[in-house]
Amino acid sequence: MKNVKTWRWLFVHAAIAYSSIGIAHDQGGTLNAGASATDVYQVSCFDDGGGKPYQLFFEIKSVIPASPPVSAQVINDDLAMSTTDRVGGDENYSPELQVVKPGNNDTYTIVIDKSAAGKASYSLEYHCQDSHGNHTGTDILPLQNQ
Amino acid sequence: MTSKNAIGATDLFRINCGAPDTDHLNVKVIDTTPLPPSAIDPQLLHVNITKKGYQPQEAFAIAPGEKTELSVAAGKGSYKISVDTSGTNLDILTPQTFSVEYHCLNDADQLTAPAVARTLAKKIKNKKTSKFSVACGKSKTTGETTKLYVKFTNTTVDPAKVALNAQVIKGSLATNATDQNGDDFYSDEVNLPGGSGDYTVLVDNTAFDKSQDNSRDYSLQYSCRNLQNSETATETPLLIKQFPAP
(Lines give C-alpha, C1' and ligand atoms only; values in the text may rest on other atoms or scores of the structure.)
Protein backbone atom coordinates (compact mmCIF):
# COMPACT_ATOMS: atom_id res chain seq x y z
CA MET A 1 0.00 0.00 0.00
CA LYS A 2 2.85 2.32 0.93
CA ASN A 3 4.53 1.63 -2.44
CA VAL A 4 1.35 2.53 -4.36
CA LYS A 5 1.09 5.80 -2.45
CA THR A 6 4.76 6.54 -3.17
CA TRP A 7 4.35 5.90 -6.89
CA ARG A 8 1.19 8.02 -6.96
CA TRP A 9 3.07 10.87 -5.21
CA LEU A 10 5.94 10.64 -7.70
CA PHE A 11 3.58 10.61 -10.70
CA VAL A 12 1.66 13.70 -9.48
CA HIS A 13 4.83 15.68 -8.83
CA ALA A 14 6.35 14.66 -12.14
CA ALA A 15 3.20 15.90 -13.91
CA ILE A 16 3.35 19.20 -12.04
CA ALA A 17 7.03 19.63 -12.92
CA TYR A 18 6.38 18.82 -16.59
CA SER A 19 3.55 21.35 -16.90
CA SER A 20 5.70 24.03 -15.25
CA ILE A 21 8.51 23.52 -17.74
CA GLY A 22 6.07 23.85 -20.60
CA ILE A 23 6.46 22.51 -24.07
CA ALA A 24 9.32 24.05 -26.10
CA HIS A 25 8.78 24.25 -29.86
CA ASP A 26 11.74 23.72 -32.15
CA GLN A 27 11.83 24.43 -35.86
CA GLY A 28 14.85 23.31 -37.84
CA GLY A 29 15.80 24.61 -41.26
CA THR A 30 18.59 25.30 -43.73
CA LEU A 31 19.50 28.48 -45.59
CA ASN A 32 21.14 27.97 -48.98
CA ALA A 33 24.55 29.39 -49.80
CA GLY A 34 23.25 32.63 -51.33
CA ALA A 35 23.99 35.65 -49.15
CA SER A 36 20.37 36.84 -49.19
CA ALA A 37 18.79 33.44 -48.42
CA THR A 38 15.88 33.92 -46.04
CA ASP A 39 13.23 31.69 -44.44
CA VAL A 40 9.88 33.03 -43.23
CA TYR A 41 7.40 31.55 -40.74
CA GLN A 42 4.11 32.62 -39.21
CA VAL A 43 3.54 31.74 -35.56
CA SER A 44 0.04 31.88 -34.09
CA CYS A 45 -0.57 32.27 -30.36
CA PHE A 46 -3.92 31.25 -28.88
CA ASP A 47 -5.56 30.38 -25.60
CA ASP A 48 -5.51 26.59 -25.45
CA GLY A 49 -7.23 26.61 -22.09
CA GLY A 50 -4.06 27.42 -20.19
CA GLY A 51 -4.25 31.20 -20.37
CA LYS A 52 -4.36 34.17 -22.74
CA PRO A 53 -1.24 34.71 -24.88
CA TYR A 54 0.86 37.69 -23.80
CA GLN A 55 4.23 37.32 -25.54
CA LEU A 56 6.31 35.22 -27.93
CA PHE A 57 9.62 33.83 -26.64
CA PHE A 58 12.30 33.03 -29.22
CA GLU A 59 15.97 32.17 -29.64
CA ILE A 60 17.99 30.63 -32.46
CA LYS A 61 20.98 28.34 -32.77
CA SER A 62 23.31 27.98 -35.76
CA VAL A 63 24.10 24.32 -36.22
CA ILE A 64 26.99 24.09 -38.73
CA PRO A 65 30.50 24.92 -37.44
CA ALA A 66 32.20 27.88 -39.15
CA SER A 67 28.98 28.88 -40.93
CA PRO A 68 27.85 32.52 -41.13
CA PRO A 69 26.10 34.05 -38.10
CA VAL A 70 22.37 33.28 -38.21
CA SER A 71 19.74 35.79 -37.07
CA ALA A 72 16.02 35.68 -36.35
CA GLN A 73 13.70 38.70 -36.45
CA VAL A 74 10.19 38.63 -35.01
CA ILE A 75 7.58 41.16 -36.11
CA ASN A 76 4.11 41.82 -34.83
CA ASP A 77 2.43 44.89 -36.27
CA ASP A 78 4.82 47.78 -35.45
CA LEU A 79 7.08 45.90 -33.05
CA ALA A 80 10.20 44.06 -34.21
CA MET A 81 13.25 42.50 -32.51
CA SER A 82 16.29 40.59 -33.67
CA THR A 83 18.64 38.03 -32.15
CA THR A 84 21.81 36.43 -33.57
CA ASP A 85 23.84 33.29 -32.94
CA ARG A 86 27.34 34.25 -34.07
CA VAL A 87 29.07 30.93 -33.51
CA GLY A 88 27.83 27.89 -35.39
CA GLY A 89 28.09 24.33 -34.14
CA ASP A 90 28.34 24.95 -30.40
CA GLU A 91 25.67 24.27 -27.80
CA ASN A 92 24.75 27.91 -27.23
CA TYR A 93 21.65 29.66 -28.53
CA SER A 94 21.45 33.37 -29.33
CA PRO A 95 20.28 35.75 -26.61
CA GLU A 96 16.62 34.96 -25.90
CA LEU A 97 13.99 37.63 -26.48
CA GLN A 98 10.29 38.06 -25.78
CA VAL A 99 8.02 40.10 -28.04
CA VAL A 100 5.24 41.36 -25.82
CA LYS A 101 1.93 41.68 -27.64
CA PRO A 102 -1.06 40.64 -25.52
CA GLY A 103 -3.94 39.25 -27.54
CA ASN A 104 -5.66 36.00 -28.39
CA ASN A 105 -5.33 34.46 -31.86
CA ASP A 106 -2.45 36.77 -32.63
CA THR A 107 0.15 36.09 -35.32
CA TYR A 108 3.85 36.87 -35.47
CA THR A 109 6.12 36.81 -38.51
CA ILE A 110 9.55 35.24 -37.99
CA VAL A 111 12.33 35.87 -40.52
CA ILE A 112 15.54 33.80 -40.48
CA ASP A 113 18.64 35.06 -42.31
CA LYS A 114 22.45 35.12 -42.15
CA SER A 115 25.27 37.65 -42.37
CA ALA A 116 27.28 36.23 -45.27
CA ALA A 117 27.20 33.77 -48.15
CA GLY A 118 27.55 30.12 -47.26
CA LYS A 119 25.16 27.40 -46.24
CA ALA A 120 23.73 27.57 -42.71
CA SER A 121 21.42 25.34 -40.70
CA TYR A 122 19.49 26.46 -37.67
CA SER A 123 17.24 25.43 -34.83
CA LEU A 124 14.65 28.02 -33.84
CA GLU A 125 13.09 27.66 -30.39
CA TYR A 126 9.85 29.57 -29.93
CA HIS A 127 6.78 29.47 -27.75
CA CYS A 128 3.81 31.61 -26.90
CA GLN A 129 3.51 32.47 -23.21
CA ASP A 130 1.01 34.07 -20.88
CA SER A 131 1.93 37.00 -18.64
CA HIS A 132 3.45 34.60 -16.09
CA GLY A 133 5.71 32.93 -18.65
CA ASN A 134 3.57 29.80 -18.90
CA HIS A 135 3.13 28.13 -22.26
CA THR A 136 -0.02 28.82 -24.28
CA GLY A 137 -1.26 27.49 -27.61
CA THR A 138 1.43 27.78 -30.34
CA ASP A 139 1.21 26.93 -34.05
CA ILE A 140 3.77 27.51 -36.80
CA LEU A 141 3.33 27.77 -40.57
CA PRO A 142 6.30 27.89 -42.99
CA LEU A 143 5.85 30.65 -45.60
CA GLN A 144 9.20 30.84 -47.42
CA ASN A 145 12.10 28.36 -47.60
CA GLN A 146 15.36 29.35 -49.32
CA MET B 1 20.05 57.06 -39.11
CA THR B 2 21.34 55.55 -35.85
CA SER B 3 19.98 52.42 -34.22
CA LYS B 4 19.73 52.03 -30.45
CA ASN B 5 22.56 50.80 -28.25
CA ALA B 6 21.14 47.41 -27.28
CA ILE B 7 21.41 43.71 -28.10
CA GLY B 8 18.48 43.02 -30.46
CA ALA B 9 18.07 46.67 -31.49
CA THR B 10 15.82 46.81 -34.57
CA ASP B 11 14.49 49.73 -36.61
CA LEU B 12 11.22 49.14 -38.47
CA PHE B 13 10.41 51.17 -41.60
CA ARG B 14 7.47 51.13 -44.03
CA ILE B 15 8.11 52.03 -47.67
CA ASN B 16 5.15 52.47 -49.96
CA CYS B 17 5.44 51.65 -53.64
CA GLY B 18 2.29 53.26 -54.97
CA ALA B 19 2.59 52.81 -58.73
CA PRO B 20 0.46 49.92 -60.04
CA ASP B 21 3.26 48.74 -62.34
CA THR B 22 5.71 48.28 -59.45
CA ASP B 23 7.35 44.86 -59.60
CA HIS B 24 9.86 44.99 -56.76
CA LEU B 25 11.55 47.06 -54.07
CA ASN B 26 15.31 47.38 -54.42
CA VAL B 27 17.26 47.95 -51.20
CA LYS B 28 20.86 48.18 -50.08
CA VAL B 29 22.38 49.34 -46.78
CA ILE B 30 25.71 50.64 -45.53
CA ASP B 31 27.12 50.67 -42.00
CA THR B 32 28.86 54.02 -41.52
CA THR B 33 29.70 53.60 -37.83
CA PRO B 34 33.26 54.86 -37.24
CA LEU B 35 35.55 51.88 -36.73
CA PRO B 36 38.04 51.96 -33.85
CA PRO B 37 41.63 51.46 -35.01
CA SER B 38 42.84 47.88 -34.76
CA ALA B 39 46.27 46.89 -33.54
CA ILE B 40 45.99 43.46 -35.22
CA ASP B 41 46.75 42.93 -38.91
CA PRO B 42 43.75 41.32 -40.61
CA GLN B 43 43.48 37.97 -42.33
CA LEU B 44 43.64 38.36 -46.12
CA LEU B 45 42.83 36.44 -49.30
CA HIS B 46 44.19 36.63 -52.84
CA VAL B 47 42.11 35.51 -55.83
CA ASN B 48 43.32 34.77 -59.36
CA ILE B 49 41.20 33.89 -62.40
CA THR B 50 42.79 32.40 -65.51
CA LYS B 51 41.83 30.90 -68.84
CA LYS B 52 44.39 29.48 -71.19
CA GLY B 53 45.54 32.01 -73.75
CA TYR B 54 44.06 35.02 -71.97
CA GLN B 55 45.27 37.69 -69.56
CA PRO B 56 44.53 36.60 -65.96
CA GLN B 57 42.70 38.83 -63.50
CA GLU B 58 43.54 38.93 -59.81
CA ALA B 59 42.92 40.85 -56.60
CA PHE B 60 45.04 40.98 -53.46
CA ALA B 61 44.58 41.64 -49.75
CA ILE B 62 40.84 41.04 -49.49
CA ALA B 63 40.06 41.32 -45.77
CA PRO B 64 37.06 39.78 -43.93
CA GLY B 65 33.84 41.43 -45.06
CA GLU B 66 35.42 42.91 -48.18
CA LYS B 67 34.44 42.01 -51.72
CA THR B 68 35.93 42.52 -55.15
CA GLU B 69 34.60 42.20 -58.70
CA LEU B 70 36.60 40.65 -61.53
CA SER B 71 35.79 40.09 -65.17
CA VAL B 72 37.65 37.94 -67.71
CA ALA B 73 36.60 38.32 -71.35
CA ALA B 74 37.62 34.86 -72.52
CA GLY B 75 34.42 33.43 -73.99
CA LYS B 76 32.89 30.08 -73.18
CA GLY B 77 34.77 27.19 -71.62
CA SER B 78 36.46 26.45 -68.34
CA TYR B 79 37.90 29.20 -66.15
CA LYS B 80 40.32 28.31 -63.37
CA ILE B 81 40.00 30.12 -60.05
CA SER B 82 42.73 30.01 -57.46
CA VAL B 83 42.48 31.43 -53.93
CA ASP B 84 45.32 31.64 -51.42
CA THR B 85 46.19 33.46 -48.20
CA SER B 86 49.12 35.57 -49.44
CA GLY B 87 49.87 38.42 -47.07
CA THR B 88 47.55 37.16 -44.34
CA ASN B 89 48.26 37.53 -40.63
CA LEU B 90 49.68 34.08 -39.85
CA ASP B 91 49.21 34.57 -36.10
CA ILE B 92 45.46 34.20 -36.59
CA LEU B 93 44.92 30.48 -37.09
CA THR B 94 41.19 30.54 -37.87
CA PRO B 95 40.45 29.16 -41.37
CA GLN B 96 39.03 31.81 -43.66
CA THR B 97 35.86 31.37 -45.68
CA PHE B 98 34.97 32.92 -49.00
CA SER B 99 32.22 32.96 -51.57
CA VAL B 100 32.46 33.14 -55.34
CA GLU B 101 29.36 34.36 -57.17
CA TYR B 102 29.88 33.91 -60.89
CA HIS B 103 27.91 35.01 -63.95
CA CYS B 104 28.53 33.84 -67.54
CA LEU B 105 27.54 36.82 -69.69
CA ASN B 106 27.18 37.84 -73.32
CA ASP B 107 28.11 41.23 -74.79
CA ALA B 108 24.85 42.72 -73.52
CA ASP B 109 25.59 41.49 -69.98
CA GLN B 110 22.84 38.91 -70.17
CA LEU B 111 23.26 35.55 -68.50
CA THR B 112 24.04 32.72 -70.93
CA ALA B 113 24.80 29.25 -69.59
CA PRO B 114 24.30 28.68 -66.71
CA ALA B 115 21.14 30.77 -66.93
CA VAL B 116 21.39 31.95 -63.32
CA ALA B 117 24.24 33.29 -61.22
CA ARG B 118 25.87 30.53 -59.18
CA THR B 119 27.48 30.86 -55.74
CA LEU B 120 30.23 28.63 -54.34
CA ALA B 121 31.18 28.84 -50.65
CA LYS B 122 34.54 27.43 -49.49
CA LYS B 123 36.98 27.37 -46.60
CA ILE B 124 40.78 27.78 -46.64
CA LYS B 125 43.53 27.43 -44.03
CA ASN B 126 46.63 29.60 -43.81
CA LYS B 127 49.32 28.89 -46.46
CA LYS B 128 46.94 26.71 -48.49
CA THR B 129 45.64 27.24 -52.02
CA SER B 130 42.12 26.42 -53.12
CA LYS B 131 41.79 25.65 -56.84
CA PHE B 132 38.60 24.99 -58.71
CA SER B 133 36.98 25.60 -62.10
CA VAL B 134 33.76 27.13 -63.35
CA ALA B 135 32.38 26.56 -66.85
CA CYS B 136 30.44 28.84 -69.18
CA GLY B 137 28.52 27.65 -72.23
CA LYS B 138 26.15 28.80 -74.95
CA SER B 139 22.53 29.67 -74.28
CA LYS B 140 19.71 28.85 -76.73
CA THR B 141 18.10 32.21 -75.94
CA THR B 142 20.93 34.66 -75.17
CA GLY B 143 23.73 33.15 -77.26
CA GLU B 144 27.44 32.81 -76.68
CA THR B 145 29.30 33.64 -73.48
CA THR B 146 31.82 36.41 -74.02
CA LYS B 147 32.97 36.88 -70.44
CA LEU B 148 32.98 35.53 -66.90
CA TYR B 149 32.05 38.01 -64.16
CA VAL B 150 32.97 37.11 -60.59
CA LYS B 151 32.01 38.73 -57.30
CA PHE B 152 34.50 37.43 -54.71
CA THR B 153 33.80 38.00 -51.01
CA ASN B 154 35.92 37.19 -47.99
CA THR B 155 33.12 35.90 -45.77
CA THR B 156 35.32 35.15 -42.77
CA VAL B 157 33.49 36.22 -39.65
CA ASP B 158 35.60 38.52 -37.52
CA PRO B 159 34.31 37.73 -34.00
CA ALA B 160 35.02 41.30 -32.91
CA LYS B 161 32.99 42.88 -35.70
CA VAL B 162 29.29 43.61 -35.77
CA ALA B 163 27.47 43.16 -39.09
CA LEU B 164 24.47 45.25 -40.13
CA ASN B 165 21.49 43.41 -41.66
CA ALA B 166 18.45 44.74 -43.50
CA GLN B 167 15.41 42.56 -44.20
CA VAL B 168 12.78 43.47 -46.77
CA ILE B 169 9.39 41.84 -46.10
CA LYS B 170 6.02 41.83 -47.84
CA GLY B 171 3.39 39.25 -47.02
CA SER B 172 5.03 35.83 -47.02
CA LEU B 173 8.14 37.00 -48.92
CA ALA B 174 11.40 38.27 -47.47
CA THR B 175 15.02 38.83 -48.40
CA ASN B 176 18.13 40.05 -46.56
CA ALA B 177 21.13 42.30 -47.21
CA THR B 178 24.23 42.50 -45.02
CA ASP B 179 26.96 45.11 -44.73
CA GLN B 180 30.18 44.52 -42.82
CA ASN B 181 31.48 47.63 -41.10
CA GLY B 182 34.73 49.23 -42.09
CA ASP B 183 34.60 49.95 -45.82
CA ASP B 184 32.96 52.56 -48.01
CA PHE B 185 30.81 50.08 -49.93
CA TYR B 186 27.12 49.34 -49.66
CA SER B 187 25.84 45.83 -49.16
CA ASP B 188 24.80 43.82 -52.18
CA GLU B 189 21.48 45.13 -53.40
CA VAL B 190 18.45 42.91 -52.90
CA ASN B 191 15.12 42.90 -54.72
CA LEU B 192 11.84 41.72 -53.24
CA PRO B 193 9.18 41.08 -55.92
CA GLY B 194 6.13 42.11 -53.89
CA GLY B 195 4.42 44.37 -56.42
CA SER B 196 2.84 47.65 -55.37
CA GLY B 197 1.89 48.45 -51.78
CA ASP B 198 3.61 48.69 -48.40
CA TYR B 199 6.95 46.97 -47.78
CA THR B 200 8.39 46.50 -44.30
CA VAL B 201 12.15 47.06 -43.94
CA LEU B 202 13.96 46.07 -40.74
CA VAL B 203 17.49 47.21 -39.91
CA ASP B 204 19.24 45.25 -37.17
CA ASN B 205 22.72 43.95 -36.32
CA THR B 206 24.70 41.08 -34.84
CA ALA B 207 25.75 42.89 -31.64
CA PHE B 208 26.75 40.49 -28.86
CA ASP B 209 28.68 42.37 -26.14
CA LYS B 210 26.65 44.52 -23.75
CA SER B 211 29.78 46.34 -22.61
CA GLN B 212 30.34 47.81 -26.10
CA ASP B 213 28.47 50.65 -27.76
CA ASN B 214 26.22 48.70 -30.12
CA SER B 215 24.45 51.64 -31.75
CA ARG B 216 25.02 51.64 -35.50
CA ASP B 217 25.06 54.56 -37.92
CA TYR B 218 23.69 53.52 -41.27
CA SER B 219 22.18 54.65 -44.52
CA LEU B 220 19.54 52.91 -46.65
CA GLN B 221 19.22 53.19 -50.43
CA TYR B 222 15.86 52.09 -51.80
CA SER B 223 13.73 52.37 -54.91
CA CYS B 224 10.51 50.88 -56.20
CA ARG B 225 11.02 49.47 -59.68
CA ASN B 226 9.01 47.99 -62.52
CA LEU B 227 9.70 44.86 -64.58
CA GLN B 228 12.14 46.80 -66.74
CA ASN B 229 13.99 47.75 -63.54
CA SER B 230 13.13 51.43 -63.99
CA GLU B 231 12.23 53.40 -60.90
CA THR B 232 8.55 53.98 -60.13
CA ALA B 233 6.92 56.19 -57.48
CA THR B 234 8.86 55.66 -54.23
CA GLU B 235 7.82 57.26 -50.95
CA THR B 236 10.33 58.25 -48.30
CA PRO B 237 10.63 55.45 -45.69
CA LEU B 238 8.54 56.04 -42.61
CA LEU B 239 10.28 55.05 -39.39
CA ILE B 240 7.54 53.27 -37.50
CA LYS B 241 9.39 52.16 -34.40
CA GLN B 242 12.82 51.60 -32.92
CA PHE B 243 13.46 48.79 -30.48
CA PRO B 244 14.15 49.35 -27.70
CA ALA B 245 11.94 52.38 -27.33
CA PRO B 246 13.53 55.45 -25.69
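The values are calculated or read from the model by the stated rules, or taken from the named source; none is laboratory data. This one's a predicted model, so the numbers in the text were calculated from it and none came from an experiment. Methodologically, a virtual Cβ is constructed for each residue, glycine included, from the backbone with ideal geometry; neighbour enumeration extends over all protein chains shown.
Inside the range A:110-137, residues that are surrounded by fewer than 20 Cβ atoms within 10 Å (Cβ to Cβ) and either closer than 25 Å to B:Thr178 by Cβ or of a type in the set (A, V, I, L, M) (or both) make up a count of 4.
Restricting to the range A:64-84, name every residue that is outside any strand (DSSP E or B) and crowded, with 21+ Cβ neighbours inside 10 Å. Within the range A:64-84, A:Ser67, A:Pro68, A:Pro69 qualify.
Is it true that B:Thr206 is surrounded by 21 or more Cβ atoms within 10 Å (Cβ to Cβ) and over 30 Å from B:Tyr79 (Cα atoms)? Taking the combined requirement at face value, the residue satisfies it. Scanning the range B:20-71 for residues that are crowded, with 16+ Cβ neighbours inside 10 Å and over 23 Å from the mean Cα position of the chain (by Cα) yields B:Thr22, B:Thr50, B:Lys51.
For first residues located in the range B:230-245 and away from chain A (no Cβ under 11 Å), partners that are not charged (D, E, K, R) and not in a strand (DSSP E or B) and lie 6+ apart or on another chain with Cβ distances below 7 Å form the pairs B:Thr232/B:Ala19; B:Thr232/B:Thr22; B:Thr232/B:Asn226; B:Ala233/B:Gly18; B:Ala233/B:Ala19; B:Glu235/B:Gly18. Taken over the range B:86-101, the criterion of being touching a Lys or Arg at 6+ places or on another chain (Cβ under 6 Å) and either surrounded by fewer than 19 Cβ atoms within 10 Å (Cβ to Cβ) or modelled with pLDDT of 95 or more (or both) is satisfied by B:Pro95 alone.
The set of residues from the range B:191-215 being within 19 Å of A:Ile75 (Cβ to Cβ), in a loop (DSSP other than H, G, I, E, B) and more than 9 Å from every other protein chain (Cβ to nearest Cβ) comprises just one member, B:Gly194.
One residue alone among B:Ala113, B:Ala163 is at pLDDT 95 or above and among the hydrophobic types (A, V, I, L, M, F, W, C), and that residue is B:Ala113.
Criterion applied to B:Thr129, B:Thr156 was being farther than 24 Å from B:Lys76 by Cα, more than 10 Å from chain A (Cβ to nearest Cβ) and either surrounded by fewer than 19 Cβ atoms within 10 Å (Cβ to Cβ) or at pLDDT below 95 (or both), and the one residue passing it is B:Thr129. Whether a residue is farther than 24 Å from B:Asp158 by Cα, in contact with a strand residue (DSSP E or B) (Cβ under 6 Å, 6 or more places away or on another chain), touching a residue at least 24 places away in the same chain (Cβ under 8 Å) and surrounded by fewer than 24 Cβ atoms within 10 Å (Cβ to Cβ) was assessed, and A:Lys61 does not pass this test.
Answer with yes or no whether B:Ala177 is exposed (fewer than 15 other Cβ atoms within 10 Å of the Cβ) and within 27 Å of B:Thr112 (Cα to Cα). Taking the combined requirement at face value, the residue does not satisfy it.
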